[in-house]
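The values are calculated or read from the model by the stated rules, or taken from the named source; none is laboratory data. Everything numeric in this text was worked out from a predicted model, so none of it was measured. As a convention, Cβ positions derive from the backbone with ideal geometry for all residues, glycine included, and neighbour counts pool all protein chains shown. To get the accessible areas, we keep the full protein, side chains included, count just its heavy atoms, and leave off ligands, DNA and RNA. Shrake-Rupley method; radii C 1.70, N 1.55, O 1.52, S 1.80 Å.
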Amino acid sequence: MKMIKPGPAWPKNTIFWLSFFFLFFSACGEGPPETMPVVEKKFRTTPPSRIYFKNIRSTAYEWEQDRDTRTDYYLLRKIANQSPKPQLYPVIADIWMEDQAQVILRSGENISPEIPAVVYWQSRQDSGSYHLDTLNAGNMYRVGLGIYESLRKSHALEVSFADGARAPLFRDAAERNHFLISMQDYLRLTEFY
């Protein structure tokens with residue numbers, strides 16, 4: 001009876017080098033971006049706040065996505081169904097790739113408001129104004145937050161655009177309430193409170 005000898009075994013070095021090259025090439029790939037976007041604290045979102053907004057609050061909104069920037073836009077459904085639309089209203093922009101959200105002010109049929117725009121507020125003892133001079137995120141945030149605070153304090157609000165003529169900012173209590181709800185949801189999303 002003839003014995004069959006097994007073929008030559010792979011040297012231990014060969015297995016080591018194959019494993020090394022496999023691990024090396026599988027680890028190669030795209031690393032983290034060279035520069036991470038700096039997000040101001042007032043615009044920053046967190047996974048828990050985003051999950052709450054997406055699962056609980058987003059059902060009250062119409063949703064649209066810009067595929068190029070991967071930004072989700074949320075307009076309160078009650079505002080979207082109004083005709084005519086309010087003079088100024090907030091849209092929530094969730095820039096989820098950068099872990100931030102911004103409030104964008106719109107006017108009429110979902111267009112950018114004319115600038116400059118001034119929102120005048122009047123209380124029993126005092127008065128003031130919020131100026132929308134540019135459409136950058138910081139300015140829209142300040143004006144949106146100012147209107148939100150004035151609504152919470154029951155101020156009378158008027159707006160004037162480039163022509164200078166003043167008109168009531170909101171036609172009725174429902175429009176005031178819709179602005180409040182949108183801003184409250186935005187502030188929860190950015191963990192303002």
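Charged neighbours of Leu145, selected by a Cβ distance under 11 Å, balance to +2 (K, R count +1; D, E count -1). Once backbone amide H atoms are built at 1.01 Å from N, Thr71 has Asp66 as its partners under 5 Å, excluding neighbours fewer than 5 places away on the same chain.
Fully extending the segment from Leu135 to Leu180 would add 14.2 nm, taking 0.36 nm per residue of separation and subtracting the current Cα-Cα distance. Report, to the nearest whole %, how much of the accessible area of region 47-189 belongs to carbon and sulfur atoms, 1.4 Å probe, protein only. C and S atoms contribute 48 percent here. Applying 1/(1 + (r/R0)^6) with R0 = 25 Å to the Cβ-Cβ distance of Ser112 and Glu64 gives a FRET efficiency near 0.95.
Think of a 1.4 Å ball rolled over the protein heavy atoms: region 47-189 then has 52 Å² of accessible area per residue. With a Förster radius of 22 Å applied to the C-beta separation of Ser127 and Lys78, the computed FRET efficiency comes to 0.15.
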